Every structure is written in structure tokens, then in C-alpha cells.
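Enquirer: This is the structure I want to talk about, given as C-alpha cells.
Just so it is clear, none of the values below were taken in a lab; they were calculated from the coordinates. Everything numeric in this text was worked out from a predicted model, so none of it was measured. Note that we place each Cβ from the backbone using ideal geometry, even for glycine, and neighbour counts take in every protein chain shown.
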Amino acid sequence: MFETLLIANRGEIACRVAATARRMGLRTVAVYSDADAHARHVAACDMAVHIGGPEPRNSYLRAEAILAAARQTGAQAIHPGYGFLSENEAFARACADAGIAFVGPPADAIAAMGSKSAAKALMEKAGVPLVPGYHGENQDPAFLRGQADAIGYPVLIKASAGGGGKGMRVVARSQDFDEALASCKREAASSFGDDRVLIERYLQKPRHIEIQVFADTHGNYLHLFERDCSVQRRHQKVIEEAPAPGMTEERRQAMGEAAVAAARAVGYVGAGTVEFIAEPDGRFYFMEMNTRLQVEHPVTEMITGQDLVEWQLRVAAGEPLPASQHQLTLTGHAIEARIYAENPEKGFLPSIGTLDTLEFGPHGEFTLADVRVDGGVRQGDTITPYYDPMIAKLIVRGRDRQEARARMLRALGDMRVAGLQTNIAFLRRLMADQAFATADLDTGLIERRHDALFPAAGALPDPVLALAATALLQAQGYAGTATAASGALPSDPWDVSDGWRVAGRHERSFEFLDQDGAPFTIRLLRDEGAWTYGRNETMQTLEWIGESTDPSRARLRLRLDGRDHTGEVLRRGEVLTIYLGGEAHVLRLHDAVAHAQDEAGDHGGSLTAPMPGKIISVAVRQGDSVKSGDALLVMEAMKMEHTIHAPKDGVVEEVFYQPGDQVVDGAQLIAIKDAP
Ligand code: MV4
């Protein structure tokens, strides 16, 4: 085995590879760009070499710089991860020429699978099933139309050099063929510099089923069963699972044998994936082969109990495959979801920013735990525009698909991400969706289920606002009481010592900004021990029935109009993220200073501290009569003095602070009751 491994990648796959290498006792070398100097993958490795600027072509795609880093650190092997140089024939060759093991297939195998039509010709010879069609050299339009007529419509015209869905045209009728061909050729020429096409029968409701294969340098080949990756969005996989729902043992064996035949045909070594497209009746056809470890490899690890990165390293070191075909078993069901910093409501636009909060809940990292997270970023890291905005992969395992699905729903709901937008709520809707739940899978699922997966954004629900207001009240009570010193919270957020124990009617209002920046007010009213929550004119009865332990994170259970709601409120500065029912709702507090000035202008005279600060002077005592607008108290906050005025005529019922006291944002300072 090697002593030192260089990982020519970043993010979660670099961390994933480092975890196995460390467990195997290897020394690891990270490479990093300017943008990644403090990245998690750098911390995960024993050594790190800077290789250039943030753009991939200036760093992670620089074969020469990476090879130099390997020489400089004495690395005997390079793991390319996925993306970047992982399927680069020239890089694989350069590693071999430099006497460094490329943890991947031989350069010739990468080349053989690189061209679509050449690969199809090879596969045909090897007896691997292909979609009925034409993939020959003759590109005469009349000839191709004749082929399409013979195949039967609809047909699909595909660019031979294409991939990932680019350069494809569906043709429904013979008379539309010529025009579609011309347009496909134009796109292929401009996108790939090669206008050759192939024609296939168009499959209407295809599933994407792929087989994980492995080969060693001793001529051993095997497969590790299938993954179903049908749930995609514009050729980006969203959910992957293993085994494929509905797969029979016979078909699994047939697909496994076909995949092994494909690998054999190109002299494959290492980890590879043979992609098939499958019809609803189970017939399957070769699509392409990915000559690398794939993003979704963990679901295969979960159902086989094998560490595929360890397998890769052993094979690259010349060892035989760690197991034989008949030793491999498939147990349970695994599902992977890709957690992205993106906004599903805005066409999945990447969400660039800082991961202020990043918590996954109870789980294992890079392990075979029932809930596993493979992540590449930490709390406080930023998602930049330079790289894929994936935050992590969540992988769960269950005895069967229903158990795995339930675990995934739960694990997604346990995730806490704040600071940017994510697809977590979308993934939960997908997991809960009827079509997914019943495994009615095909590559069109997300489009077909669009209305259920993208519900119209409504107003913020009352339970969310009640949770937010209660959490704020609680945070104020926390700092305003003697128990603050011991770190304990009052057992009930209503039961705080800043005046709320006093009998009678009290009100506290909270100003928020909604997603569109419009201010609105939430009121909490206490009248003789009974509580109500109000937004606009309607009031609802509110009870606090749950416990919380942390002032920056309120876990609350409320009863609103008789219905229980359990949620969590995270606060970072002015931004509140409220987690309820698996959805994250973002609310912004109305700016306190601006708000205080608004009030000073109309002598509104709020009796609460407009911001955290110190009491300078108190002008009244218990029992004093006051007139609306009288100055009652002066506090200092943000290097300015603020005078608190009486909001109405009345009698001072209680003064809660003395000069010198620190007060928190929103703390009630003085209680005034109506004059007798
Ligand atoms: C097809 C097809 C239907 N019929 N070929 C899309 C990307 C490329 N790798 C192959 N693709 C397809 N080829 C025939 N004859 C439908 C697709 C396809 C697809 C395939 C796999 C996963 C997702 C897909 C999404 C849309 C279309």
C-alpha cells in the first residue's frame, strides 16, 4: 500500500477520500486554491499544497501543478475524486508517465468510453444491449431519415460527442425529421466542434439505473449491484437510491453481467459505473460509462457494507479486489439526498453566502451509520461562486425503502442551516411526495409533480410568528433575570421578573420584516394570566407548554388556538430562522435604532428598551403620577442616550431597573397603570 496519497480535489469528495485514507494509515496531501486556504478538506489532510487561483482552470484543473505537488510531498498515488481531472485521459497518462499511481482506470479505458458512438460500437460487439437505433458513420440526411423511419417514431437524435442531455432532439413524425436533424447538427457543431449524430428509439418514461463495477489489475471483475438515479432535474441527480425499486433478482443479474461485460470490453481497472436507461417493463439499454467514483457511491456502500474508496486504493496499489462476486450481499435500502445551497423557488439558483449555522443532527460522518453525512464544509464557511454549491450529502439506510424514506424525512427535518438558502424543504417535499413514496419513478418525476413540489409561497403561518415572538420574549426574560448568571432559563418565558408577574393587562409587540421587507407587528397580550397572540386584528389563545435550554436557540412548544406546535428558533443578529414542520422560515427583526427614532418622533414612549444598553437615570418612582410624553428614564445604547417617555397618563406601578443596570433588547423598563 502507498504511504502518501495526494487528493486532487476539494469539498466533500476530498474529505471522503481523506477519511478512508486516514483510517488505512496513509498520509494525505491536500491541494487547494486561493479560495480554499481554510477549507475543510485542507484541515482533513496531513499536508497541503497551494496550487493557484480560485477558478478551477487556475488550480484544480492544473495537471502540472498537481503532479509537482505530488513529487514535492513524496506522494505515490493521486486520487482525482469526481469532476475536475477525474476523467481526463491526458492526466491519467501523465500520472503513469511520472510513476505515480492514478487512482482510476487506465488512460485507454477513459478514452474508449469518452466518445459516445465509439463506445456504443464497442458495447455492441461485447453483447451489451443498446437502444434500438443507428450509430454508424453515414451522416447523409436522407439515409438518417430512412433509419429513423425504420426504428419507428418517436426517435431521439443525439450528438455523438454530446453528453448530459446537450444536443438532443425528440422527433415525433417523419416529416419533422429533417429540420430537427439540421438544428441538432448546428448545436453539436457549436457545442462540441463535431456535428455527427446518432439516432435512437425515444423511450418515453425512462429510468436511470446504473451498476457499480470494479476490476483489479489481475483480471478480476465484479459488480456491486445497482443504483436508481431517476430523480433528476435538468440532468442533475437529486436523489439516488439502492437497490432500484422493483428490481428482480434475474434482472439484477442480467444488468450486472452486462455491466461487467462493458468493463471487460475496455480493459477497465478500478471503480466505474455503467449507466443504463430502463423501460417501465424492465428492458434496459447501455447509455454510457462513467470512469470514476461517483457522487452517489455511498448508497452502494450502505447496502453492501464495503468501503469503495478503500477498494479503489487497494486496486491502485496492485492488490486483488477485497471480495469476490459471490461474497457480496445486498442488505436493506439506502437513499442519498444532495443538500445544495440553492433556491428551488428561483429556478434552483445557487445561493452564495456564509453558512452561519450548519448542524446536521445526530449522524455519523463518512461511516456506515444508519444516518450518514458526507460533507465538505463547516459552519462559518462560505459557499462561493467558483465551485459546485453542494453543502453535503445526506445518506440514510433502513431495512426497507419505507424505513429509509422515513429516516430521510426525519434527518432532513433535523438539519439546521442558516445564512443562505437551501433545497432542504424541497427535498422533504420530494421525499413525502406520493409518486416518490410509491416508487413511481422516472426521469420526469420532478416536472410531473411540479405543483406538489413547488407550492405557492403563502404568508408566514401564525405558529411560526408565535414561535418567533415567544423566543424573543424568552431571550429578553433570560437576560433580565437573576437566573441569567447561573445560565438557567426561567421555566416559563411568560414568567419573567421584568414586570410580567404583575397582575393585569400587559402587552409586548415585536416588529418584523417579511421576505419582501415589509414591516409588520406581532403582539403578545397577557390579561389576568391568559395569553393571546395577535397579528392584525385577530387574536388567538396562546399557551407555552415546552422547555428550552439555550438563549441563542429556543426549542419551543406552543399551543395556539388549541393546536400544539413544536419548533426551533435560531437567532443571528437581526435574522431569525424558525424551523417548524421541516420548513425553515426566515424573518428579520425591524431595525431597533430606526424603530426607536420613529417612536421618539411621535412621543409614542415605548416602555421597553429599544436595544441592549445601560440605564443612566430614572426620573420616577413607584406611585408617581405621570402624563403622556413625560421623560421617565434615560438609557445609553450604541454610544447614544435614549429617553423613554410615558406612553399615556397614569401611575408608575413598578420600576424594574436602577441606574447602572444593563438591559437587553426589548426588556420592559417600567410598568404604568391607569390612574385610579
Ligand atoms: C434517452 C432518453 C430517451 N430515449 N435516450 C439524457 C442524457 C443522456 N445521458 C441520455 N439521456 C436520455 N437518453 C433515449 N433513446 C432520455 C434521456 C434522458 C435522461 C436519461 C437519463 C437520466 C435522465 C434523463 C433526463 C432526460 C432525458
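Enquirer: Cα-Cα over 21 Å: which of K158/K185; K158/K393; K120/K185?
Expert: Cα-Cα > 21 Å for K158/K393; rest within.
Enquirer: Alpha carbons only, please: Rg and Dmax for segment 143-273, in angstrom.
Expert: So, for segment 143-273, Rg and Dmax equal 17.6, 53 Å respectively.
Enquirer: Measure nothing fancy, just the Cα-based angle from helix 592-601's long axis to the longest principal axis of the chain, in degrees from 0 to 90, nearest 10.
Expert: 40
Enquirer: With each label point set 7 Å from Cα along the Cα-Cβ vector, what nm distance links Y153 and R448?
Expert: Each label point is offset 7 Å from its Cα along the Cβ direction, giving 2.4 nm.
Enquirer: Once Rh is set to the Kirkwood radius over Cα pairs, what Stokes-Einstein translational diffusion coefficient, in µm²/s, holds for the chain at a temperature of 37 °C and a viscosity of 0.692 mPa s?
Expert: The diffusion coefficient I find is 114 µm²/s.
Enquirer: For K673, which lysines qualify as cross-link partners when the Cα separation must be under 23 Å and same-chain residues fewer than eight apart are set aside?
Expert: Straight-line reach from K673, under 23 Å: K627, K648.
Enquirer: Mind sorting V586, V664 by how few other Cβ atoms lie within 10 Å of their own Cβ, fewest first?
Expert: V586, V664
Enquirer: I would also like to ask the following. How would you rank I100, I209, going from fewest to most other Cβ atoms within 10 Å of each one's own Cβ?
Expert: Placing the least packed residue first, the sequence is I100, I209.
Enquirer: Let me see the pair-distance distribution of segment 339-456: every alpha carbon pair, 5 Å bin width, integer percents in order.
Expert: Per 5 Å bin, starting at zero, the Cα-Cα P(r) for segment 339-456 comes out as 2, 11, 20, 21, 21, 15, 8, 1 percent.
Enquirer: Let's test the formula: R0 of 25 Å, r as the Cβ-Cβ distance of M24 and H50. What FRET efficiency results, to the nearest 0.05?
Expert: 0.45
Enquirer: Ranked highest first by the average count of other Cβ atoms within 10 Å around their residues, in what order do 80-88, 231-239 fall?
Expert: 80-88, 231-239
Enquirer: Cβ neighbours within 10 Å, averaged per peptide: list 294-302, 194-202 in order, most packed at the top.
Expert: Result, highest mean first: 294-302, 194-202.
Enquirer: Give me the tail of P(r) for segment 309-351 as a percent: Cα-Cα pairs with distance above 16 Å.
Expert: That tail contains 67 percent of the Cα-Cα pairs.
Enquirer: Relative contact order for the chain: what is it in percent, counting Cα pairs under 8 Å that are at least 6 residues apart?
Expert: About 8 percent, as a whole number.
Enquirer: Hey, another quick one. Which whole-number percent gives the relative contact order of segment 603-673, counting Cα pairs below 8 Å spaced six or more residues apart?
Expert: 42
Enquirer: With a Förster radius of 30 Å, plug the Cβ-Cβ distance of D178 and L130 into 1/(1 + (r/R0)^6) and report the FRET value to the nearest 0.05.
Expert: Efficiency for this residue pair is about 0.75.
Enquirer: Select from L513, F656, G219 the residue farthest towards the positive end of the dipole of the chain; place +1 on Cβ of Lys and Arg, -1 on Cβ of Asp and Glu, and compute about the Cα centre.
Expert: The one lying farthest along the dipole's positive direction is G219.
Enquirer: Roughly how compact is segment 365-433, stated as its Cα Rg over 2.2 N^0.38 Å to two decimals?
Expert: That ratio works out to 1.18.
Enquirer: Mind checking which of G398, I670, S324 is farthest towards the positive end of the chain's charge dipole, using Cβ charges of +1 (Lys, Arg) and -1 (Asp, Glu) about the Cα centre?
Expert: Working it through, the farthest residue towards the positive pole turns out to be S324.
Enquirer: Treating the beta-carbon of each Lys and Arg as +1 and of each Asp and Glu as -1, no other charges, what is the dipole magnitude of the chain about its Cα centre, to the nearest 20 debye?
Expert: 1340
Enquirer: To the nearest 500 deg cm²/dmol, what mean residue ellipticity at 222 nm is calculated for the chain from DSSP H runs of n ≥ 4 alone, each contributing -39,500 (n - 2.57), summed and divided by the residues?
Expert: -8000 deg cm²/dmol
Enquirer: Between Q662 and I352, what length in nm is gained on full extension when 0.36 nm per residue of separation is reduced by their alpha carbon distance?
Expert: Taking Q662 through I352 to full extension adds about 107.9 nm, to one decimal.
Enquirer: Please turn the phi angles of segment 109-126 into ³J(HN,Hα) values with the Karplus equation 6.51 cos²θ - 1.76 cosθ + 1.60 (θ = phi - 60°), one per residue in order, whole Hz, x for glycine and proline.
Expert: Listing the rounded values in order: 5, 4, 4, 5, 8, x, 9, 4, 6, 5, 4, 5, 4, 4, 5, 4, 4, 7 Hz.
Enquirer: Another question, then. With contacts defined as alpha carbon pairs under 8 Å and 6 or more residues apart, what's the relative contact order of segment 4-103 in percent?
Expert: 29
Enquirer: Test of understanding: extend the Cα→C-beta vector of E636 to 7 Å, then name every residue of segment 609-625 with backbone N under 17 Å from that spot.
Expert: Under cut-off, by backbone N: 610-619.
Enquirer: Listed highest first by mean packing, meaning other Cβ atoms within 10 Å per residue, what order do 421-432, 38-49 come in?
Expert: Ranking, from highest mean packing down: 421-432, 38-49.
Enquirer: Between N220 and S625, what is 0.36 nm times their sequence separation minus the Cα-Cα distance? Round to one decimal in nm.
Expert: 136.4 nm
Enquirer: Within segment 605-627, whose backbone N sits under 15 Å from a point 7 Å along Cα→Cβ of E653?
Expert: Within reach of a label on E653: 607-608, 622-626.
Enquirer: Also: Return the whole-Å distance between the Cα centroid of segment 321-345 and the Cα centroid of segment 71-138.
Expert: 23
Enquirer: Placing +1 on the Cβ of each Lys and Arg and -1 on the Cβ of each Asp and Glu in the chain, which of G74, G167, T382 has its Cα farthest towards the positive end of the resulting dipole?
Expert: Going by the charge dipole, the pick is G74.
Enquirer: Can you give the FRET efficiency to the nearest 0.05 for Q327 and E365, using r as the Cβ-Cβ distance and R₀ = 30 Å?
Expert: E(calc), rounded to 0.05, equals 0.65.
Enquirer: May I pose another question? Cut-off is 10 Å between beta-carbons; in what order do T470, T73, T273 appear when sorted fewest neighbours first?
Expert: Taking fewest neighbouring Cβ atoms as first place, the list is T73, T273, T470.
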